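J.: For reference, the structure I am asking about is given below.
The values are calculated or read from the model by the stated rules, or taken from the named source; none is laboratory data. The model shown is predicted, which means the values in this text are computed figures rather than measured ones. As a convention, Cβ positions derive from the backbone with ideal geometry for all residues, glycine included, and neighbour counts pool all protein chains shown. In case anyone asks, the SASA skips ligands and DNA or RNA and just uses the protein heavy atoms, side chains included. Shrake-Rupley method; radii C 1.70, N 1.55, O 1.52, S 1.80 Å.
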Amino acid sequence: MMMTRKVALLFFVLIFSSVTIVWATNPLLKKAVVTAENMEPSYQFPAQIEEANVKLAKLYKKTGKRPNILIMLVDDMGWGDPGSFGGGAAIGAPTPHIDKLASEGLKLTSTYAQPTCSPTRATMMTGRLPIHHGIYRPPMYGEPGGLDGEITSAQLLSEAGYLTALVGKWHLGELPAQQPQNLGYDEFFGFLAVSDMYTDWRDPAFSPEIANRPEVLQAFENAPFNKNLVQAHKGEKLEELVKITIPVLANLDQKFADYTVDFIQRMAKEDQPFFAVHAFSKVHYDNYPADGYAGKSPSGYPYKDGIIEVDDIVGRLIKTLHETGQAENTLVFFTSDNGPEEDNFPDSGHTPFRGAKGTTWEGGVRVPGIAWWPGMIKAGRTSDGLFDLADLFTTSLAVAGAKDKVPTDRYIDGIDQNSFLLADDGESNRRTVFYFFQDKLAALRIHNIKFNNYLFISENPAKAAKSNTFLQKASYVWAHDLSIDPKERFPAITGHTPRFTWAVPMMTQEVVRYLGNLRKYPPKKSKVMMLK
Ligand code: CA
């Protein structure tokens, strides 16, 4: 009897202590630090910050100039398209150059974009989520909406002595004040909107009701939006180079690549560092193969030929960095602006996650992410640490030694992740990813747990910020452990089943905190019509 009681006591002690250990070491319970009132709280790891600072200081001493930053942004490429993310040859388009980039750098498996193009681009350039920058969906066919009143990384890096370029797709407004050369870019070569806006109505295969009727076609030709390949230098008026017809569109990415190659070559001779965004036109539908690319992929489909072309261009740009001796002084970040478009099969990409472009399921917003920097980022690393593309804003400024330029008069969602990227065993500094569907908070992810609000908890964020109405509906949140349920198929409905109820307080605290910020930093109104 005595023995049984001792065993029971020991059992109790063991259980209790293991729960305590699990509780104490649970990554969900890590505390994020508030570094400034207008900035997202972040995890701070002093040792990795020190390691990153030492690396940056050594490089600066060696080169005498701040590092270059090159962001390669593919349009609509799925998380699962590159071979290094599980696609490649297995799905009809090998991607040896992207795979090499991943194997030589840091593969980020939890990189997050917004559900569509323009919101992501604005977030990347301003460090702010759509609720703050006000671009909730892409402006189409001359609709208003752009980066009005926002401050871009290009502007701040320009002030810090950088030479800046935007090559390729913009899609952040067409009015002069919204154009890249007036928002911090020294050079702009590309187009103002999105590829299908120039050609969809020209192609009788997609739009016979327009393309086969000259008078209707002419009405589209006259529609008030810019249909040209354009270029401009800082502060100058836009120069129109050529109308984007189908054969022009097919070869645009080659033109963009030629431009960026030339830019990188020119920059090698400059004393100033550069910041360049190479924004591909492909693989957004409609994909028309460039000269020499039709049927080049094993699949033979235009989308896959587009993947081959994008991959070749990644190879060309990296080769140019090596040839010009700038590879070791350039941070390269490769990513996509949203999940694959699945409504346009077979002109569509691949994701292993649930949903696709336009949704806040993982498939809509989780994108491939690769950070590459020979000698600075340890080769062959993979991390599932959270990285929001808003972080590129803050991280770029930190790497450039210009962190003091981060604005203090507005809310900054981007977190400085430079120590995550640069320290050999760096951990993500980000606690939470917030998923917005237009202006509605649709989900959040803390560590590996994602809470989906399938009723859109905060129907009206401004109202929700005042009343915290989401709390009244917290029992309708679906929780998924993404590490065992990446397709978000098996929800535990918090409040109704025992699973994940322990995580609810963390979720609610984060939502209360974030929506609370909206009282001081109110949501920005959309310039385009929104779904109610
Ligand atoms: Ca896109």
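J.: Mind listing whichever residues of region 179-218 are away from the ligand (no atom under 16 Å from the Cβ), under 30 Å from the mean Cα position of the chain (by Cα) and among the aliphatic types (A, V, I, L, M)?
T.: If the condition is that a residue be away from the ligand (no atom under 16 Å from the Cβ), under 30 Å from the mean Cα position of the chain (by Cα) and among the aliphatic types (A, V, I, L, M), then Leu183 is the only one that fits.
J.: Being touching a residue at least 12 places away in the same chain (Cβ under 8 Å), more than 15 Å from the chain's Cα centre (by Cα), assigned by TED's automatic domain parsing to the domain that holds Arg381 and within 16 Å of the ligand (Cβ to nearest atom) narrows it down to one residue among Pro144, Pro139, Pro176; which is it?
T.: Details: Pro144 fails: within 16 Å of the ligand (Cβ to nearest atom); Pro176 fails: within 16 Å of the ligand (Cβ to nearest atom).
Answer to the selection: Pro139.
J.: Phe256 versus (1) more than 26 Å from the chain's Cα centre (by Cα); (2) within 24 Å of Pro138 (Cα to Cα): which is the lone unmet condition?
T.: Result: Phe256 fails condition (1) only.
J.: Here are Gly349, Gly339, Gly380, Gly414: which of them is on the phi > 0 side of the Ramachandran plot and among the small types (Gly, Ala, Ser)? I'd like the intermediate steps shown before the answer.
T.: Details: Gly349 fails: on the phi > 0 side of the Ramachandran plot; Gly339 fails: on the phi > 0 side of the Ramachandran plot; Gly414 fails: on the phi > 0 side of the Ramachandran plot.
Just one listed residue meets the conditions, Gly380.
J.: Another question, if that's okay. Which residue is surrounded by the most Cβ atoms within 10 Å (Cβ to Cβ), if the candidates are limited to region 125-155 and must be among the aliphatic types (A, V, I, L, M) and more than 19 Å from Tyr198 (Cβ to Cβ)? I'd like the intermediate steps shown before the answer.
T.: The first filter runs over region 125-155 and keeps only residues among the aliphatic types (A, V, I, L, M), leaving 125, 129, 131, 135, 140, 147, 151, 154.
Narrowing the set further to residues that are more than 19 Å from Tyr198 (Cβ to Cβ) leaves 125, 129, 131, 135, 147, 151, 154.
On the way: Met125: 29, Leu129: 25, Ile131: 27, Ile135: 31, Leu147: 25, Ile151: 22, Ala154: 25.
Top of the filtered list is Ile135.
J.: Could you tell me whether region 219-241 includes any residue that is within 23 Å of Lys282 (Cβ to Cβ), under 25 Å from the mean Cα position of the chain (by Cα) and within 16 Å of the ligand (Cβ to nearest atom)?
T.: No, because not a single residue in region 219-241 is within 23 Å of Lys282 (Cβ to Cβ), under 25 Å from the mean Cα position of the chain (by Cα) and within 16 Å of the ligand (Cβ to nearest atom).
J.: Is it the case that Ala165 is without any contact (Cβ under 8 Å) to a residue 40 or more places away in the chain and more than 25 Å from Gly358 (Cα to Cα)?
T.: No; evaluated as a whole, the condition is false for this residue.
J.: Oh, and also: Scanning for something open to solvent by less than 30 Å² (accessible area, probe 1.4 Å), more than 20 Å from Leu73 (Cα to Cα) and in contact with a strand residue (DSSP E or B) (Cβ under 8 Å, 6 or more places away or on another chain), does region 207-217 turn up at least one residue? Full working, then the answer.
T.: Going residue by residue through region 207-217, those that are open to solvent by less than 30 Å² (accessible area, probe 1.4 Å) are 207, 210-211.
Subsequent filtering for residues that are more than 20 Å from Leu73 (Cα to Cα) retains 207, 210-211.
Next, from what is left, pick out any that are in contact with a strand residue (DSSP E or B) (Cβ under 8 Å, 6 or more places away or on another chain): none.
No.
J.: Which of (1) touching a strand residue (DSSP E or B) at 6+ places or on another chain (Cβ under 7 Å); (2) aliphatic (A, V, I, L, M); (3) open to solvent by 10 Å² or more (accessible area, probe 1.4 Å) is the odd one out, the single condition Ala398 does not satisfy?
T.: (1)
J.: So which residues in region 29-52 are in contact (Cβ under 8 Å) with a residue 60 or more places away in the chain and either among the aromatic types (Phe, Trp, Tyr) or more than 30 Å from Tyr521 (Cα to Cα) (or both), if there are any at all?
T.: Passing the criteria: Tyr43, Phe45, Ala47, Gln48, Glu51, Ala52.
J.: Let me ask you something else. Please go through region 361-384 and give me each residue that is in contact with a helix residue (DSSP H, G or I) (Cβ under 9 Å, 6 or more places away or on another chain) and small (Gly, Ala, Ser), ordered by number.
T.: Matches in region 361-384: Ala371, Gly375, Ala379, Gly380, Ser383.
J.: Is it true that Asn329 is more than 14 Å from Asp81 (Cα to Cα) and surrounded by 24 or more Cβ atoms within 10 Å (Cβ to Cβ)? Steps first, please.
T.: Numbers: more than 14 Å from Asp81 (Cα to Cα): yes; surrounded by 24 or more Cβ atoms within 10 Å (Cβ to Cβ): no.
So Asn329 does not fit the description; no.
J.: Report, by residue number, each residue of region 318-351 that is in contact with a Ser or Thr (Cβ under 6 Å, 6 or more places away or on another chain) and more than 16 Å from the ligand (Cβ to nearest atom).
T.: If the condition is that a residue be in contact with a Ser or Thr (Cβ under 6 Å, 6 or more places away or on another chain) and more than 16 Å from the ligand (Cβ to nearest atom), then Leu321, Asn329 are the ones that fit.
J.: Sticking with this structure for a sec: Could you tell me whether Lys65 is outside any loop (DSSP other than H, G, I, E, B) and basic (Lys, Arg)? Steps first, answer last, please.
T.: Values: outside any loop (DSSP other than H, G, I, E, B): no; basic (Lys, Arg): yes.
No, not satisfied.
J.: Given the condition part of a helix (DSSP H, G or I) and over 17 Å from Val528 (Cβ atoms), answer yes or no: does some residue in region 182-192 qualify? Don't jump to the end; show me each part of the working.
T.: If we filter region 182-192 for residues that are part of a helix (DSSP H, G or I), which is where we start, we get 182.
Filter once more, so that each one left must be over 17 Å from Val528 (Cβ atoms): 182.
Yes, region 182-192 has at least one match.
J.: Here's something else I'd like to know. Go through (1) under 26 Å from Lys55 (Cβ atoms); (2) of a type outside the set (A, V, I, L, M, F, W, C); (3) free of Cβ contacts under 8 Å to residues at least 60 places away in the same chain one by one and return the number of the condition Gly292 breaks.
T.: (1)
J.: Taking the criterion of being under 24 Å from the mean Cα position of the chain (by Cα), among the acidic types (Asp, Glu) and open to solvent by 10 Å² or more (accessible area, probe 1.4 Å), would at least one residue in region 315-326 satisfy it?
T.: Checked against the condition, which is being under 24 Å from the mean Cα position of the chain (by Cα), among the acidic types (Asp, Glu) and open to solvent by 10 Å² or more (accessible area, probe 1.4 Å), region 315-326 yields no hits at all.
J.: Can I ask one more? Would you pick out the residues in region 366-393 that are buried (at least 24 other Cβ atoms within 10 Å of the Cβ) and closer than 15 Å to Phe85 by Cα?
T.: Arg366, Val367, Pro368, Gly369, Ile370, Ala371
J.: Can you name the residue in region 103-121 that is assigned to a helix (DSSP H, G or I) and open to solvent by less than 10 Å² (accessible area, probe 1.4 Å) and, of all such residues, is nearest to the ligand (Cβ to nearest atom)?
T.: As a first pass, look at region 103-121 and keep what is assigned to a helix (DSSP H, G or I): 103-104, 117-121.
The next check asks that each one be open to solvent by less than 10 Å² (accessible area, probe 1.4 Å); those that pass are 117-121.
On the way: Cys117: 3, Ser118: 8, Pro119: 10, Thr120: 7, Arg121: 8 Å.
The selected residue is Cys117.
J.: Can you tell which of Lys473, Lys466 is surrounded by fewer than 20 Cβ atoms within 10 Å (Cβ to Cβ), at pLDDT below 55 and more than 28 Å from Asn38 (Cβ to Cβ)? Before the answer, list the steps.
T.: Numbers: Lys466 fails: more than 28 Å from Asn38 (Cβ to Cβ).
The conditions single out Lys473.
J.: Looking only at region 68-96, count how many residues are more than 16 Å from the ligand (Cβ to nearest atom) and β-branched (Val, Ile, Thr).
T.: Total meeting the criteria: 3.
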